[in-house]
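Only one structure is covered here, and it is reproduced in the block below.
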Amino acid sequence: MVFAEEHYIQTTGGRIWSCVYGKEKEKTPLLVVRWSPGFLTMMNTIEDFSSDRLVCFYDQQGSGKSDRVKDKNYYSLENFIDELDVVREKLKLDEVIMMPFSWGTSLIYSYLLQKKPVGVKKLILPLSHVKFFDVEKGPEGEYQKNASKYKISYL
């Protein structure tokens, strides 16, 4: 059984809940980015990855155990992208592998294209989400311009 450590990360919008599996592992940490708080149904995935690396989850602002923001205008792609930067900083994920699910897929694509973050070593895409994004062209051809920066794997 894999045990988790829960944390709250303070942001301008409030507290963000995060969960970290595994400690002091040697391989590059994995950050799972999704929208819904139902990650507990992914226990097999956690166990598979956390045997040799840190695996992190977080509930984005307004979902799961994270705080709700009273100003509905706060909920924007720009704020969620900034929030992802804060999560990486606070969890000390200088180098990271990202694995998105659901809305997290669009968020990570936007994050990579807009922020061009340093330290993202790999992107793992579940095949069920690839059909929504033309991996060869990407939005307005942006993927091709940045393709050499990211290693992409498919589950």
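Coordinate-derived values only; no laboratory data. Note that the structure is a prediction, hence the values are computed from the model and not measured. Neighbour counts run over all protein chains shown; Cβ positions are idealised from the backbone, glycine included.
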Query raised in the report: Counting Lys +1, Arg +1, Asp -1, Glu -1, what net charge surrounds Thr12 among other residues with beta carbon under 10 Å of its beta carbon?
Result: -2
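Please go through the residue pairs Lys72/Lys116; Lys23/Lys65; Lys92/Lys116; Lys70/Lys115; Lys70/Lys122 and name each one whose alpha carbons sit more than 25 Å apart in this structure. Kindly include the intermediate steps, with their values, before the conclusion.
Working: Lys72/Lys116 27 Å; Lys23/Lys65 22 Å; Lys92/Lys116 18 Å; Lys70/Lys115 27 Å; Lys70/Lys122 35 Å.
Checking Cα-Cα distances, Lys72/Lys116; Lys70/Lys115; Lys70/Lys122 exceed 25 Å.
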